[in-house]
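Okay, so here's the structure we're looking at.
The values are calculated or read from the model by the stated rules, or taken from the named source; none is laboratory data. Since the model is a prediction, treat every value here as computed from it, not as a measurement. FYI the Cβ positions are ideal-geometry reconstructions off the backbone, even for glycines, and counts take in every protein chain you see.
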Amino acid sequence: MSAFKAANPDAVFEDFIRWHSPGDWESEINDAAGSEKFDGSPRSEWPPKGKLSERMSEYGNSWRQMWNEVHALAALEQKPILDPNREGEK
């Protein structure tokens with residue numbers, strides 16, 4: 001989550017959920033009619049239309065709490081979770 005915030009400084013919680021847990025993003029079904037501009041190029045789909053799943057929308061959701069508390073930190077700057085040498089010796 002920290003790496004996502006570092007790579008996407010303007011992102012909001014909903015952006016993270018769409019990336020990390022697509023099943024928790026309920027997209028609105030787009031009408032096929034009018035999906036192109038007059039010049040034939042695809043219409044911009046930003047911001048995506050939809051909403052968080054019920055589970056991610058619940059009051060006190062732990063994912064939302066983490067999002068609010070975690071600071072942006074690039075993956076390279078984060079402490080490794082595993083020691084590759086120790087894991088290789090197992």
Consider S44 carefully, then state whether it is modelled with pLDDT under 95, over 13 Å from the mean Cα position of the chain (by Cα) and surrounded by 10 or more Cβ atoms within 10 Å (Cβ to Cβ).
no
Count - residues of the stretch 4-19 that are surrounded by 15 or more Cβ atoms within 10 Å (Cβ to Cβ) and either free of Cβ contacts under 8 Å to residues at least 12 places away in the same chain or over 8 Å from the mean Cα position of the chain (by Cα) (or both):
4
Return the total of residues in the stretch 46-67 being in contact (Cβ under 8 Å) with a residue 24 or more places away in the chain and not hydrophobic (A, V, I, L, M, F, W, C).
6
